[in-house]
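See structure below.
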Amino acid sequence: MNKPFRIAMLGKQGAGKGTQCARISEKFSIPHISTGDMLRQAVKAGTEFGLKAAEYMERGDLVPDEVIIGTVVERLSESDALDRGYLLDGFPRTLAQAKALDTAIDGALKLVVNLDVATEIVLERLSSRRVCEGCGRTYSTSNPPTHGWTCDSCGGEVVQRADDKPEAISRRLALYDELTAPLIGWYDEKGILVTIEGSGDLDIVTSNIVQSIQSVVS
Ligand code: AP5
Ligand code: MG
């Protein structure tokens, strides 16, 4: 596969971005850059940046553009991303972020995957989701770890995310409609958008994403 592999995944909260990006990143050996995971790590580390971000995240608000843009642009300049490209999960999610990304990488995004899932389905998924505090692996109450709530990958504790409580979920979905959904049309006009139905079987969704990627990155 030729470089650069620069792909972004859009989708509502709970659409399966994290789940699918983990699979795709493993298949193509490409860094999976999740802004949500980066922010949760900063919160866990108790850095000044993390403490500030936690206030926004727990309410279900977006952290300010100027903060997240700088963090992502810095991450994209690390050697793995420069060498292999990347799969962006949860960024961009505002027009300001999309424009900043365009400028930072000189418009070189190859593909934007829009993972489309109905709101009733994401509501159900978010309320049953559980995540590993150690490595971020995602489970659900219907697909739990093998032994209790201990992660199969790293042995970390598997818990409910603070922003998967009902009030924060409503706020996050409202912000998606207002600020992130407009990016679908924006990337479509650039001719780099593909929409994948994300409500079906996990393996089928993965295989449809892989096919779309292979058709543009070869
Ligand atoms: P982030 O962590 O990115 O959260 P999100 O966008 O709300 O998306 P989610 O992680 O909730 O959903 P997902 O699409 O990854 O679904 P998942 O694979 O887990 O961001 C968190 C917060 O950080 C934001 O609210 C904001 O405060 C801040 N932030 C992050 N990025 C930012 C940015 N760019 N700008 C500003 N602020 C930012 O799947 C969900 C569940 O469904 C799981 O249980 C999974 O097992 C299950 N599932 C997935 N696919 C299927 C399937 N096909 N069938 C059945 N179940 C499935
Ligand atoms: Mg996620």
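The values are calculated or read from the model by the stated rules, or taken from the named source; none is laboratory data. A quick note: this is a predicted structure, and the numbers were derived from the prediction, not measured. Because the Cβ atoms are built from the backbone with ideal geometry, glycine has one as well, and the counts that use them run over all protein chains shown.
Go through (1) within 16 Å of ligand 2 (Cβ to nearest atom); (2) of a type in the set (V, I, T); (3) modelled with pLDDT under 95 for V113 and report which single condition fails.
All conditions pass for V113, except number (3).
Scan (1) touching a residue at least 40 places away in the same chain (Cβ under 8 Å); (2) among the small types (G, A, S); (3) in contact with a Lys or Arg (Cβ under 8 Å, 6 or more places away or on another chain); (4) away from ligand 1 (no atom under 11 Å from the Cβ) for the single condition S153 breaks and write down its number.
Failing condition for S153: (1).
If you go through the stretch 178-196 one residue at a time, do you hit one that is under 27 Å from K44 (Cβ atoms) and out of contact with any strand residue (DSSP E or B) (no Cβ under 8 Å at 6 or more places or on another chain)?
yes
How do the pairs read when you match residues in the stretch 16-36 that are closer than 14 Å to R6 by Cα with residues anywhere that are near ligand 1 (Cβ under 6 Å from one of its atoms) and in a helix (DSSP H, G or I), using Cβ under 7 Å and keeping only pairs 6 or more apart or on different chains?
Once the first residue is closer than 14 Å to R6 by Cα and sits in the stretch 16-36, its partners that are near ligand 1 (Cβ under 6 Å from one of its atoms) and in a helix (DSSP H, G or I) give S34/G18.
Can you name every residue in the stretch 7-31 that is surrounded by fewer than 22 Cβ atoms within 10 Å (Cβ to Cβ) and charged (D, E, K, R)?
R23, E26, K27
Can you name every residue in the stretch 1-31 that is touching a His at 6+ places or on another chain (Cβ under 9 Å), closer than 20 Å to D83 by Cα and either near ligand 1 (Cβ under 8 Å from one of its atoms) or of a type in the set (G, A, S) (or both)? Please lay out each step first, then the result.
Applying the first criterion (touching a His at 6+ places or on another chain (Cβ under 9 Å)) to the stretch 1-31 yields 18, 21-22, 24-26.
Pick out the ones that are also closer than 20 Å to D83 by Cα and you get 21-22, 24-26.
Result: C21, A22, S25.
So which of V158, V194, V205 ends up being without any contact (Cβ under 8 Å) to a residue 60 or more places away in the chain, buried (at least 16 other Cβ atoms within 10 Å of the Cβ) and not polar (S, T, N, Q)? Please lay out each step first, then the result.
Values: V194 fails: without any contact (Cβ under 8 Å) to a residue 60 or more places away in the chain; V205 fails: without any contact (Cβ under 8 Å) to a residue 60 or more places away in the chain.
None of the others qualify; the one that does is V158.
Out of contact with any helix residue (DSSP H, G or I) (no Cβ under 9 Å at 6 or more places or on another chain), within 18 Å of D37 (Cβ to Cβ) and of a type in the set (V, I, T), is that true of V159?
yes
Among (1) surrounded by fewer than 21 Cβ atoms within 10 Å (Cβ to Cβ); (2) within 11 Å of ligand 1 (Cβ to nearest atom); (3) not acidic (D, E), where does S34 come up short?
For S34, the exception is condition (1).
Report, by residue number, each residue of the stretch 86-100 that is crowded, with 16+ Cβ neighbours inside 10 Å and either part of a strand (DSSP E or B) or free of Cβ contacts under 8 Å to residues at least 40 places away in the same chain (or both).
Start the filter on the stretch 86-100 by keeping residues that are crowded, with 16+ Cβ neighbours inside 10 Å, which leaves 86-94, 97-98, 100.
Matches in the stretch 86-100: Y86, L87, L88, D89, Q97, A100.
Right, S79: touching a Leu at 6+ places or on another chain (Cβ under 6 Å), surrounded by fewer than 21 Cβ atoms within 10 Å (Cβ to Cβ) and at pLDDT 95 or above or not?
So S79 does not fit the description; no.
Among the residues of the stretch 9-38, how many are away from ligand 2 (no atom under 11 Å from the Cβ) and in contact with a helix residue (DSSP H, G or I) (Cβ under 8 Å, 6 or more places away or on another chain)?
Qualifying residue count, the stretch 9-38: 10.
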